[in-house]
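> Right, I'll just put the structure down here and ask away after.
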Amino acid sequence: MQPLALRACRTALLLALVIPQCLRAEDGYELWLRYRPLEAEWRSTYREAVRSLVVPQSGSPTLRAARGELLRGLEGLLGAVPASAREAGEGALLLGTPETSARIADLKLPLKPLGEEGYLIRRVDTDRGAAIVIAANSDIGVLYGTFHFLRLLQTRTALANLDIVSRPRIQLRLLNHWDNLDRSVERGYAGQSLWDWWRLPDYLDPRYTDYARANASIGINGTVLNNVNASADSLTSRYIAKAAALADVFRPYGIRVYLSARFSAPVEIGGLDTADPLEPAVRAWWKAKAAEIHAAIPDFGGFLVKANSEGQPGPQDYGRSHADGANMLAEALRPYGGAVMWRAFVYSDTNPEDRAKQAYSEFKPLDGRFADNVILQVKNGPIDFQPREPFHPLFGAMPATNLMLELQITKEYLGFDTHLVYLGTLFEEVLDADTCAGSSGRCGEGAVVASVIDGSLHGYRRTGIAGVANIGTDRDWSGSIFNQANWYAFGRLAWNPDLSARSIAEEWLRMTFTANKRFVAPAAGMMLRSRQAAVDYMTPLGLAHLMGTDHHYGPAPWVDHLARPEWNPVYYHRADREGIGFDRTAEGTGAVSQYAPPLARRFGNRNAVPEDYLLWFHHLPWDYPMASGRDLWAELVHRYDRGVAEVRAMAETWAGLESFVDAERFYKTARFLEIQKREARWWRDASIAYFRAVSGRPLPAGAREPARPLEAYRALQFPRGAGN
């Protein structure tokens with residue numbers, strides 16, 4: 001054989017060996033909607049249970065989407081598509097509503113309590129044999145039920161006694177995209193914006209449909225397309241047409257489009273000389289703009305507004321209140337049923353006594369003055385998406401004003417895309433927090449944050465929850481595989497706040513990787529411990545905002561030179577020779593008084609406050625005795641060390657799971673864990689070096705010396721940090 005021919009033969013052989021491996025590689029694009037073949041015994045069981053599909057032939061786009069998802073899922077999971085049938089017999093899967101299916105109407109199912117989005121999945125007996133029905137009052141309910149049914153198969157759930165009734169507890173379940181019109185994403189760590197504004201509305205990327213599928217599968221029903229630091233251009237006719245094209249893609253999946261509105265838009269694009277919300281010309285401009293948007297997007301959801309915060313324009317520029325501004329926009333949207341989501345994240349250009357108090361101080365006096373289609377969007381904590389904060393004191397404090405919860409899915413303060421930090425535990429912690437704001441004024445009576453935002457505590461007419469999206473153009477959507485779990489957990493908890501972070505993690509692992517218990521149990525344990533690990537190596541014992549300024553990457557507790565006090569990390573930890581922590585007791589800023597009296601007493605008492613919030617509410621001496629028997633300084637070092645050790649244990653756990661995971665996803669996660677190990681040590685060493693210098697205290701016995709001198713850490717610069 002000639003050398004050239006021999007090389008060609010070898011190349012062909014190599015390709016024959018490599019290409020199948022490449023075809024089996026996974027990059028995370030399919031998210032949790034991986035419809036991979038099930039084990040033989042499960043395929044056999046499910047094929048017997050689903051022999052045929054009975055779906056209304058002439059359905060809406062939503063019902064067609066449900067049928068298409070079923071076909072995709074069943075073919076992937078079972079290796080075959082069940083035959084279509086006109087009658088429900090033994091082994092039939094019957095989909096529809098009483099209006100679209102006479103067969104479902106004849107079953108007289110208890111659908112009325114399920115509302116417009118709920119669904120029922122039940123095994124029923126027909127005159128032709130046992131069948132499974134997915135029924136709802138609307139086609140979107142059928143779609144949600146379809147995704148739930150496929151989830152049962154993906155997680156290997158027995159179908160013998162199916163009787164599932166599910167409806168969302170919260171009305172608006174939204175993603176907030178901090179996406180800019182130039183396709184940059186503020187605090188985004190997964191590539192460019194998904195929205196290709198330049199090619200819209202003429203070209204619709206197929207990813208838009210997959211985005212809608214993923215959101216519908218976990219019950220998300222709205223998306224705010226643009227950054228809360230909004231450009232007025234997003235409200236021009238050109239960009240309205242682009243938003244309308246996206247709305248057309250999302251509509252079959254039950255997802256409504258919302259826009260962040262810049263308060264000064266009447267001046268910037270409207271030709272007016274004022275944006276005063278009480279000026280008739282301004283009110284008329286917003287009414288006309290709402291009508292224009294509604295004409296292009298008939299189901300337009302409404303506006304999200306950031307006003308008079310971080311330099312954004314707002315009604316206070318004209319001597320008006322937040323209620324004046326929000327109600328003007330609410331009036332414009334009222335004819336179309338739209339909502340105004342007015343963010344309560346505010347801090348002004350003047351220096352407040354305590355930044356943690358400002359939102360409560362501004363909004364609590366306005367309780368009852370907002371229109372009924374206004375919802376105040378309140379962050380989970382009183383400062384800014386920190387690794388751990390106490391819940392925001394506005395929850396439970398505004399019974400006459402609709403409140404919704406804002407969570408951050410993107411990890412702005414939690415290691416960006418490379419740190420494995422499962423946020424299900426953070427979300428659960430907030431939702432389960434007791435506001436002690438029930439009618440009795442006592443704790444332990446169910447007045448948790450979840451009961452505020454689902455409307456049950458105060459009888460809100462509009463309810464909502466928002467998550468700042470972590471989605472971009474990266475093939476895995478979120479910058480890493482495990483970041484997908486945070487998107488998933490947000491959606492599942494938005495639908496049902498009573499779900500546990502553990503059950504969601506296990507469910508996600510089974511759908512995303514494998515249902516093998518030898519994988520799921522250790523991987524779930526790793527996820528559930530990961531957020532506490534991040535708190536420990538970043539901001540233990542109630543410390544906050546120690547991150548590098550602007551980019552929020554890495555430790556910088558020493559920064560003290562910025563123009564405004566609350567821009568500086570030293571403002572938050574207040575460490576000095578005597579002690580550390582922010583005194584928010586009655587002797588300090590009095591921020592504890594913004595909570596219900598039982599909580600104010602608990603948080604204000606250094607002996608009763610949970611140690612996780614100790615330095616959030618108290619400035620204490622370095623030798624303050626802790627529950628562990630250590631003094632405060634030794635406990636602080638211990639927490640830093642515990643966080644580093646946990647990340648090391650996470651990496652070891654993952655290394656032991658290699659046989660269960662495809663090479664691409666295993667390798668990327670393993671490399672990211674190596675980054676997290678290094679950066680956890682950096683956080684630990686830099687923070688301890690700084691606090692040791694401030695306190696003048698020696699390291700506790702047995703504690704490891706920081707790897708580098710303090711000045712080496714202080715000298716680090718990150719002028720082009722990600723997500724800025």
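> Of the conditions (1) among the polar types (S, T, N, Q); (2) within 24 Å of Leu420 (Cα to Cα); (3) surrounded by fewer than 16 Cβ atoms within 10 Å (Cβ to Cβ); (4) touching a strand residue (DSSP E or B) at 6+ places or on another chain (Cβ under 7 Å), Ser193 clears all except one; give me its number.
Every listed condition holds for Ser193 apart from (3).
> Of the residues that sit in segment 551-573 and are among the hydroxyl-bearing types (Ser, Thr, Tyr) and either touching a Phe, Trp or Tyr at 6+ places or on another chain (Cβ under 7 Å) or assigned to a loop (DSSP other than H, G, I, E, B) (or both), which one is least open to solvent (accessible area, probe 1.4 Å)?
Result: Tyr572.
> Look at Ala307 and say whether it is in contact with a Lys or Arg (Cβ under 6 Å, 6 or more places away or on another chain) and either assigned to a helix (DSSP H, G or I) or of a type outside the set (Phe, Trp, Tyr) (or both).
When the stated conditions are applied, Ala307 does not pass them.
> Inside segment 363-383, can you point out the residues that are in contact (Cβ under 8 Å) with a residue 12 or more places away in the chain, more than 28 Å from Thr539 (Cα to Cα) and outside any strand (DSSP E or B)?
Answer for segment 363-383, where residues must be in contact (Cβ under 8 Å) with a residue 12 or more places away in the chain, more than 28 Å from Thr539 (Cα to Cα) and outside any strand (DSSP E or B): Phe363, Lys364, Leu366, Asp367, Gly368, Arg369, Phe370, Ala371, Asp372, Asn373.
> Kindly state which helices (runs of 4 or more DSSP H) lie completely within segment 1-99 and contain at least 1 residues that are within 28 Å of Thr669 (Cβ to Cβ), touching a helix residue (DSSP H, G or I) at 6+ places or on another chain (Cβ under 9 Å) and modelled with pLDDT under 80.
Here the list reads 3-24.
> Of the residues Gly438, Gly459, Gly444, Gly455, which is farther than 30 Å from Arg678 by Cβ and touching a Ser or Thr at 6+ places or on another chain (Cβ under 8 Å)?
Matching residue, one of Gly438, Gly459, Gly444, Gly455: Gly455.
> So if I check each of Thr401, Thr418, which one is of a type in the set (Val, Ile, Thr), under 21 Å from Gly314 (Cβ atoms) and either out of contact with any strand residue (DSSP E or B) (no Cβ under 8 Å at 6 or more places or on another chain) or touching a residue at least 24 places away in the same chain (Cβ under 8 Å) (or both)?
Sole residue among the options that is of a type in the set (Val, Ile, Thr), under 21 Å from Gly314 (Cβ atoms) and either out of contact with any strand residue (DSSP E or B) (no Cβ under 8 Å at 6 or more places or on another chain) or touching a residue at least 24 places away in the same chain (Cβ under 8 Å) (or both): Thr401.
> Give me the pairs, please: first residue somewhere in segment 111-132 and more than 18 Å from Leu162 (Cα to Cα), second residue anywhere and open to solvent by 60 Å² or more (accessible area, probe 1.4 Å) and assigned to a loop (DSSP other than H, G, I, E, B), beta-carbon distance under 8 Å, and either six or more positions apart or on two chains.
Cβ pairs passing all conditions: Pro113/Arg167; Gly115/Arg167; Glu117/Arg167; Arg128/Glu87; Arg128/Glu90.
> Considering only residues that are open to solvent by less than 10 Å² (accessible area, probe 1.4 Å) and closer than 30 Å to Gly68 by Cα, which ones fall in segment 246-280?
The answer is Leu246, Ala247, Phe250, Ile255, Val257, Tyr258, Leu259.
> Just give me the residues in segment 624-673 being farther than 30 Å from Ala701 by Cα, in contact (Cβ under 8 Å) with a residue 40 or more places away in the chain, part of a helix (DSSP H, G or I) and not hydrophobic (A, V, I, L, M, F, W, C), in sequence order.
Glu664, Arg665, Lys668, Thr669
> Output the residue which, of all residues in segment 574-621 that are of a type in the set (Phe, Trp, Tyr) and outside any helix (DSSP H, G or I), is least open to solvent (accessible area, probe 1.4 Å).
Phe582
> Answer yes if at least one residue in segment 94-113 is surrounded by fewer than 18 Cβ atoms within 10 Å (Cβ to Cβ), in contact with a Ser or Thr (Cβ under 8 Å, 6 or more places away or on another chain), of a type outside the set (D, E, K, R) and more than 29 Å from Tyr258 (Cβ to Cβ), and no otherwise.
no
> Now, a different point. Does Ala689 satisfy the condition of being buried (at least 20 other Cβ atoms within 10 Å of the Cβ), at pLDDT 95 or above, within 30 Å of the chain's Cα centre (by Cα) and not basic (Lys, Arg)?
no
> Also: For segment 434-468, give me each residue that is open to solvent by 10 Å² or more (accessible area, probe 1.4 Å) and farther than 24 Å from Gly368 by Cα.
Within segment 434-468, Cys443, Gly444, Glu445 meet the criteria.
> Just to check your reading of the model, which residue among Arg72, Arg86, Arg64 is under 20 Å from Pro37 (Cα atoms) and either surrounded by 19 or more Cβ atoms within 10 Å (Cβ to Cβ) or charged (D, E, K, R) (or both)?
After applying the criteria, what remains is Arg72.
> Also, I was wondering about something else. Kindly indicate the residue of segment 360-387 that is in contact with a Ser or Thr (Cβ under 7 Å, 6 or more places away or on another chain) and surrounded by 22 or more Cβ atoms within 10 Å (Cβ to Cβ) and also nearest to Trp567 (Cα to Cα) among those meeting that condition.
That would be Gln386.
> Could you name every one of the helices (runs of 4 or more DSSP H) located completely within segment 481-550 that has at least 2 residues being free of Cβ contacts under 8 Å to residues at least 40 places away in the same chain?
Of the helices (runs of 4 or more DSSP H) lying wholly inside segment 481-550, those with at least 2 residues that are free of Cβ contacts under 8 Å to residues at least 40 places away in the same chain span 501-512, 517-538.
> Considering only segment 394-433, state which residues are open to solvent by 10 Å² or more (accessible area, probe 1.4 Å), among the hydroxyl-bearing types (Ser, Thr, Tyr) and assigned to a loop (DSSP other than H, G, I, E, B).
Thr418
> In addition: Given Arg334, Arg343, Arg320, Arg283, which one is open to solvent by 10 Å² or more (accessible area, probe 1.4 Å) and under 30 Å from Tyr571 (Cβ atoms)?
Sole residue among the options that is open to solvent by 10 Å² or more (accessible area, probe 1.4 Å) and under 30 Å from Tyr571 (Cβ atoms): Arg320.
The values are calculated or read from the model by the stated rules, or taken from the named source; none is laboratory data. Computed from a prediction, not measured in an experiment: that's the story for all the values here. In this analysis, Cβ positions are derived from the backbone assuming ideal geometry, glycine residues included, and neighbour counts consider all displayed protein chains. We work out accessible area using only protein heavy atoms, side chains counted, and drop any ligands, DNA or RNA first. Shrake-Rupley method; radii C 1.70, N 1.55, O 1.52, S 1.80 Å.
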